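Here the structure is laid out as structure tokens; the discussion comes afterwards.
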Amino acid sequence: MCRTHGVHFTLYPLGHVPYGRRIIVPVSKADNAWEPTAFKAVVDATHGKPAWSRKPDGGPGWWTQRRHIGRAATVLGLRASKRQTERVAGRLEVELAIVANATRDYDAARGFRSRARAAECVLDAVPMDGQVLGRVLGAGWICGAWPRPWLWDGTTYRTFPAPERGVAPA
């Protein structure tokens, strides 16, 4: 909530440009479901696409791709404390061993593709259902990527802080 204005604002995805919004989580269970999302840099790096351009050509560049992979790793708990990693695994509903192994691989990685592969291991394990947005937003909050998400109750027209785990109270 904005302290000055007392209202909530739209959540822009990781690495957004003004008015250049990108979805945060997939809306389908397609093979490359994460490709059009804020995790595009991870998908591009792990699916054999060339690295983003190192020349300023108006599109996203190499440093942006590296930064997006790093932010994805933060949201997925790969750059977090052990306690946060455990909480993120629970919030994402992914086995702790998967997140712990991905964290180890991320820490040992030498290049952007290796780091992206570690992040993709966690993405692939996230259950793809109606709660995926809440899981990813909650994981990002736990790791400090953004403030606690707020939810909208369409029946009472009020907002309330998202619970750390599970679905919103009825």
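A short reminder: the numbers here are calculations on the coordinates, not readings from a lab. Values in this document were obtained by computation on a predicted structure and should not be read as measured data. Virtual Cβ from ideal backbone geometry, glycine too; neighbours counted across all protein chains shown.
Number of residues in the stretch 137-159 that are closer than 26 Å to Ala80 by Cα and in contact with a Phe, Trp or Tyr (Cβ under 9 Å, 6 or more places away or on another chain): the value is 7.
Just a yes or no: is a residue in the stretch 106-119 free of Cβ contacts under 8 Å to residues at least 12 places away in the same chain, buried (at least 16 other Cβ atoms within 10 Å of the Cβ) and not in a helix (DSSP H, G or I)? Yes, there is a match, as at least one residue in the stretch 106-119 is free of Cβ contacts under 8 Å to residues at least 12 places away in the same chain, buried (at least 16 other Cβ atoms within 10 Å of the Cβ) and not in a helix (DSSP H, G or I). Among residues of the stretch 77-100 being surrounded by fewer than 16 Cβ atoms within 10 Å (Cβ to Cβ) and hydrophobic (A, V, I, L, M, F, W, C), the one that is nearest to Pro127 (Cα to Cα) is Leu96.
I need the full set of residues from the stretch 145-162 which are among the small types (Gly, Ala, Ser) and more than 22 Å from the chain's Cα centre (by Cα), in order please. Answer for the stretch 145-162, where residues must be among the small types (Gly, Ala, Ser) and more than 22 Å from the chain's Cα centre (by Cα): just Gly154.
Filtering the stretch 30-42 for residues that are out of contact with any strand residue (DSSP E or B) (no Cβ under 9 Å at 6 or more places or on another chain), free of Cβ contacts under 8 Å to residues at least 40 places away in the same chain and surrounded by 15 or more Cβ atoms within 10 Å (Cβ to Cβ) leaves a non-empty set.
Among the residues of the stretch 45-76, which ones are of a type outside the set (S, T, N, Q), outside any strand (DSSP E or B) and crowded, with 16+ Cβ neighbours inside 10 Å? Full working, then the answer.
Narrowing the stretch 45-76 to residues of a type outside the set (S, T, N, Q): 45, 47-52, 54-63, 66-73, 75-76.
Of the ones still in play, those that are also outside any strand (DSSP E or B) are 45, 47-52, 54-60, 62-63, 66-73, 75-76.
Ala45, Trp52, Pro60, Arg66, His68, Ile69, Gly70, Arg71, Ala72, Ala73, Val75, Leu76, listed by residue number.
Scanning the stretch 84-117 for residues that are polar (S, T, N, Q) and more than 16 Å from the chain's Cα centre (by Cα) yields Asn101, Ser114. The listed residues are Arg83, Arg148, and the only one of them that is of a type in the set (Lys, Arg), farther than 25 Å from Thr46 by Cα, part of a helix (DSSP H, G or I) and free of Cβ contacts under 8 Å to residues at least 60 places away in the same chain turns out to be Arg83.
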